[in-house]
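Okay, so here's the structure we're looking at.
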Amino acid sequence: MILTALAAAAMFQTNHVVEILDPTMDAVDIEAVVRLPELTWHQRGLLEEMAGSLVQDTPTFSRNQIEELASHVGQRMRVSIMEDHIRVSFVVAPQDVESGISMVGSVLREPVFTEDSLKATSEDLQFRRFGYWRQALKGVPFDPPKYTRRDVAELKAVIFRPENVTVGVCGKFVSGQPSAKWAEVESQWQPGRIPRLYDDQAPAKSLAKLESSLSVFELRGPVFTATDAGFSTKVLALFALGSGKAGSLFRVAREKLGWSYRQESVLWPTPTGFAPRLLVVQSDKTDIDKRGETLRTELLADVKTWTEQDRLRALGIAQACMTRGVEYSPFYFHPDRTISSNGADDAFMAAYWQMKTGSPWAPSRLLGQMGLVTTEDMKAAAQEMLAASILKTYPGS
Amino acid sequence: MLSLIACLLSAQATLDAPRLKTLCPNGAVVLVERMPREQTISVQLWASARSVPETPETHGFRHLLEHLLVKGPSKDVDKKLELKGCFLRARTFRDAMQIEISVGPRQLDLAIDTLKELLHPIEVTQEEIDHELSVMKEEFAIYDDAARLSSAAWDQAYGSAGIDPFGDLEAMKKATPQAIRDIQRKHFYPENLALVIAGPIDIDQATKIATEFVGGKQGAVKVPDEKGPDGKPGRIETEGFGEGRAAIVGGFDNPKTAASLAASLAVASDVEGSFVTYTPSAQRGLVIVGQTERTAGIGLRVDELKEGDYPRLFEIGRYLARSWVERQLQTSEGVAYIRGLLLCQGSGFRPEQMLDAVKQMTYDQFVAGLHSLAKDRAVTVVGR
């Protein structure tokens with residue numbers, strides 16, 4: 001669906017709205033993506049609380065009104081936060097598109113962060129227990145921050161600005177309607193000057209252990225950007241290393257060493273680009289440092305044996321993931337899952353890629369570039385990635 | 001070729017465009033559905049578990065078979081498929097084993113050839129079994145909290161008749177190559193099989209290929225379906241984090257089952273981070289609504305429901321239940337999944353029966369569905 005959808009989307013794209021018309025859908029997915037800058041440890045904690053408190057009464061809409069609209073299709077407005085963006089997802093009935101966009105706009109334009117709502121979110125984030133995979137992917141704990149009202153107001157003024165927001169809309173609607181409605185939201189948005197944020201110099205904390213009996217270790221490679229000349233080579237190498245059941249990671253960590261049932265390659269968004277990550281889950285927490293180094297050595301040896309077949313396999317998987325929505329994609333642009341091919345993720349990807357790179361998401365173009373990568377280049381990229389990776393361990397409790 | 005002709009001549013084919021179901025003389029069922037807009041052809045072979053009930057002695061042998069089988073005789077099935085951008089996935093359910101191959105348009109032959117390869121009598125050594133058990137130990141370790149809650153709820157409701165298809169690692173250690181071969185032979189009796197092909201395919205051509213494949217297998221003794229025990233409500237604690245309620249339900253097409261499913265989905269929509277688990281079955285089963293990120297919320301939500309909440313929940317629940325079934329029928333993988341799962345349990349079973357039950361659900365039935373989650377009627381499952 002994504003290719004046809006994006007062909008249509010090109011016709012209906014403004015700077016901040018991408019429309020994907022799909023008359024076969026019985027609902028409309030509205031996805032707003034808010035760009036995040038690099039934040040300090042303290043700001044990050046506060047923003048997590050703010051993101052969790054977004055769906056509240058606003059000056060224009062009550063929470064009940066938002067929930068009432070959502071109940072037409074049985075979905076609540078959802079908010080997730082990653083290192084480089086906040087994602088607001090709202091599914092509405094086709095006749096509710098304009099109201100839905102107004103509500104998403106209101107939540108981002110005029111959010112009300114009360115002490116009670118921030119406190120409730122903080123408690124929720126402290127006591128809620130996410131699965132081992134999500135904890136390991138995030139890699140850092142939630143640290144309830146101390147803050148003043150001024151901190152909240154300044155962070156709000158820095159983040160929640162129209163120029164930071166890109167909206168993707170997918171489903172059955174009148175072409176141009178979402179863009180016009182969003183333009184209306186933007187016209188009412190007066191964010192004021194950008195304040196200079198206070199940096200308390202608090203050092204970032206790392207995740208000491210998982211709230212799980214399982215342990216995870218990872219090899220995390222250097223961050224690269226979508227505009228790097230070697231972007232397609234690096235992404236293809238990541239597919240070859242860790243996607244599918246005939247990839248190096250599966251071959252080594254599961255079949256050869258028998259260490260793990262779950263091992264995956266991950267392309268993880270950061271404020272400055274994307275980090276390639278290879279994660280291995282295991283029940284045994286002893287010697288995970290040693291195992292991480294063994295894994296690196298074994299993977300480097302495996303990469304040396306790659307042939308044209310490995311390149312074709314990686315390309316085959318990449319094509320299946322990007323054009324047919326097959327689930328082996330390393331594109332972890334959500335706190336605990338990869339991006340798939342459905343209305344919500346299509347709308348999200350259209351908005352996210354535009355926000356992240358300034359260009360439309362064009363899987364066929366990326367696949368075309370990947371198709372030109374040689375086996376030797378792919379091997380070199382994988383070896384470089386592995387050699388430069390840092391080992392991170394998250395032992396189980 | 002003779003068997004193919006015999007199969008085609010005597011097949012009771014019913015065409016409900018764009019879908020063709022074929023009942024082969026040996027008992028296997030083939031269903032082909034054309035979905036021209038789909039990018040993927042999903043080929044799913046379903047084998048009912050009616051001939052291979054789990055017992056304490058063989059608990060998990062089916063799951064172990066699944067792991068060993070899908071490697072293929074030359075242990076290179078995944079590599080051959082992935083090279084062409086195709087994938088294999090297998091799962092062991094209480095009612096059946098599923099082998100799913102996803103291929104692109106014009107790759108149907110590759111999927112069928114792969115399945116043919118997999119159905120050869122398995123050649124496996126004790127060493128390979130032992131190695132796979134070490135991987136399954138890791139699989140068990142990552143068994144998520146939702147699965148653990150679900151497994152405990154089944155234990156409470158159905159006892160030994162509801163034991164988890166994952167299996168018991170201790171019992172599996174006693175598996176031998178011969179025992180695995182026996183399980184394979186019985187599991188894949190032709191009358192246990194349903195082969196569903198959905199996607200951008202030519203119906204006649206795909207039906208011909210599929211019936212030649214499963215219709216030509218030798219028959220075996222028909223094993224009657226046995227009626228399982230009635231479910232028992234109660235409270236159970238289990239390893240894992242979270243909590244939930246499980247409604248004890250009848251077959252998938254029973255209006256009460258549809259109501260419990262709608263009620264569970266409606267309750268879940270009110271609690272962030274919650275889940276609903278239901279695998280459509282002709283047998284009695286459970287609809288489970290739970291959560292794994294907190295230790296309280298679902299049970300409280302159910303117990304605190306007021307009559308004033310019912311009308312809103314009725315609308316949401318009916319919409320979500322209908323969408324759940326309809327969504328399955330919108331993708332090739334979903335179609336092959338739900339049709340295969342039901343067809344291998346009975347050649348007359350269709351997801352539309354479930355959809356009808358949801359669409360015809362009355363307000364009173366829905367309220368009864370909510371009540372099926374009440375403490376005294378449902379299973380309450382709590383992580384510790």
Inset, instruction - Filter the range A:297-339 for residues that are out of contact with any helix residue (DSSP H, G or I) (no Cβ under 6 Å at 6 or more places or on another chain) and among the charged types (D, E, K, R) and give the result. - result: A:K304, A:R324, A:E327, A:R337
Legend entry - Top-ranked residue in the range B:240-267 [being of a type in the set (A, V, I, L, M) and within 10 Å of another protein chain (Cβ to nearest Cβ); ranked as nearest to B:K306 (Cα to Cα)]: B:A266
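Hey, among A:R128, A:R76, which residue is of a type in the set (K, R), within 13 Å of another protein chain (Cβ to nearest Cβ) and touching a helix residue (DSSP H, G or I) at 6+ places or on another chain (Cβ under 6 Å)? Spell out how you get there, then give the answer.
Details: A:R128 fails: touching a helix residue (DSSP H, G or I) at 6+ places or on another chain (Cβ under 6 Å).
Criteria check complete, one pass: A:R76.
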Inset, instruction - Could you identify the single residue in B:T362, B:T292, B:T331 that is in contact (Cβ under 8 Å) with a residue 12 or more places away in the chain and farther than 29 Å from A:L125 by Cα? - result: B:T331
Legend entry - All positions within the range A:277-310 that are under 13 Å from A:S243 (Cβ atoms) and either away from chain B (no Cβ under 14 Å) or assigned to a helix (DSSP H, G or I) (or both): A:R277, A:L278, A:D310
Inset, instruction - Report, ordered by the first and then the second residue, all pairs with beta carbons closer than 7 Å, sequence separation of six or more or different chains, a first member in the range A:206-219 that is without any contact (Cβ under 8 Å) to a residue 12 or more places away in the chain, and a second member that is open to solvent by less than 10 Å² (accessible area, probe 1.4 Å). - result: none
Inset, instruction - Check whether at least one residue in the range A:228-235 is within 14 Å of chain B (Cβ to nearest Cβ) and among the polar types (S, T, N, Q), and report yes or no. - result: no
Inset, instruction - Considering (1) within 13 Å of another protein chain (Cβ to nearest Cβ); (2) open to solvent by 40 Å² or more (accessible area, probe 1.4 Å), say which one B:E138 fails and leave the rest. - result: (2)
Inset, instruction - Determine, yes or no, whether B:H131 is of a type outside the set (G, A, S), outside any helix (DSSP H, G or I) and surrounded by fewer than 21 Cβ atoms within 10 Å (Cβ to Cβ). - result: no
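Quick one: in the range A:367-397, of everything that is assigned to a helix (DSSP H, G or I) and open to solvent by less than 10 Å² (accessible area, probe 1.4 Å), which residue is nearest to A:P141 (Cα to Cα)?
A:L386
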Inset, instruction - For the range A:321-339, indicate whether the set of residues that are without any contact (Cβ under 8 Å) to a residue 24 or more places away in the chain, within 12 Å of chain B (Cβ to nearest Cβ) and within 21 Å of A:I20 (Cα to Cα) is non-empty. - result: yes
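For the range A:294-304, check the following and say yes or no: at least one residue is open to solvent by less than 10 Å² (accessible area, probe 1.4 Å), within 30 Å of A:S212 (Cβ to Cβ) and of a type outside the set (A, V, I, L, M).
The answer is no; no qualifying residue exists.
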Inset, instruction - Find the residue count for the range A:203-232, including only residues that are surrounded by 15 or more Cβ atoms within 10 Å (Cβ to Cβ), out of contact with any Pro (no Cβ under 8 Å at 6 or more places or on another chain), more than 23 Å from A:G368 (Cα to Cα) and small (G, A, S). - result: 1
Legend entry - Only listed residue being buried (at least 19 other Cβ atoms within 10 Å of the Cβ), of a type in the set (A, V, I, L, M) and within 11 Å of chain A (Cβ to nearest Cβ), chosen from B:V124, B:V77: B:V77
Inset, instruction - Answer yes or no: is there a residue in the range B:154-163 that is out of contact with any Ser or Thr (no Cβ under 6 Å at 6 or more places or on another chain) and within 23 Å of B:D78 (Cα to Cα). - result: no
Inset, instruction - Can you give me the number of residues within the range A:340-358 that are touching a helix residue (DSSP H, G or I) at 6+ places or on another chain (Cβ under 6 Å) and not small (G, A, S)? - result: 1
Inset, instruction - Might you let me know whether the range B:39-60 holds any residue that is farther than 19 Å from B:Q218 by Cα, at pLDDT below 90 and crowded, with 18+ Cβ neighbours inside 10 Å? - result: yes
Legend entry - Test: residue in the range A:89-105 that is away from chain B (no Cβ under 14 Å) and under 26 Å from A:Y198 (Cβ atoms): no
Inset, instruction - Determine whether the range A:136-143 contains at least one residue that is exposed (fewer than 15 other Cβ atoms within 10 Å of the Cβ), in contact (Cβ under 8 Å) with a residue 40 or more places away in the chain and of a type outside the set (F, W, Y). - result: yes
Inset, instruction - Give the residues of the range B:141-150 that are open to solvent by 20 Å² or more (accessible area, probe 1.4 Å) and more than 7 Å from every other protein chain (Cβ to nearest Cβ), sorted by residue number. - result: B:Y143, B:D145, B:A146, B:A147, B:R148
Legend entry - Residue among A:L249, A:L238 that alone is assigned to a helix (DSSP H, G or I), within 14 Å of chain B (Cβ to nearest Cβ) and among the aliphatic types (A, V, I, L, M): A:L249
Inset, instruction - Evaluate the range B:86-109: report whether one residue or more is surrounded by fewer than 21 Cβ atoms within 10 Å (Cβ to Cβ), touching a Leu at 6+ places or on another chain (Cβ under 7 Å), within 11 Å of another protein chain (Cβ to nearest Cβ) and free of Cβ contacts under 8 Å to residues at least 60 places away in the same chain. - result: no
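The values are calculated or read from the model by the stated rules, or taken from the named source; none is laboratory data. What you see is a predicted model, and the numbers here were worked out from it, not measured in a lab. Every residue, glycine among them, receives a Cβ derived from its backbone with ideal geometry; neighbour counts consider all protein chains shown. Just so you know, the surface numbers come from the protein's heavy atoms only, side chains and all, with ligands and any DNA or RNA stripped out. Shrake-Rupley method; radii C 1.70, N 1.55, O 1.52, S 1.80 Å.
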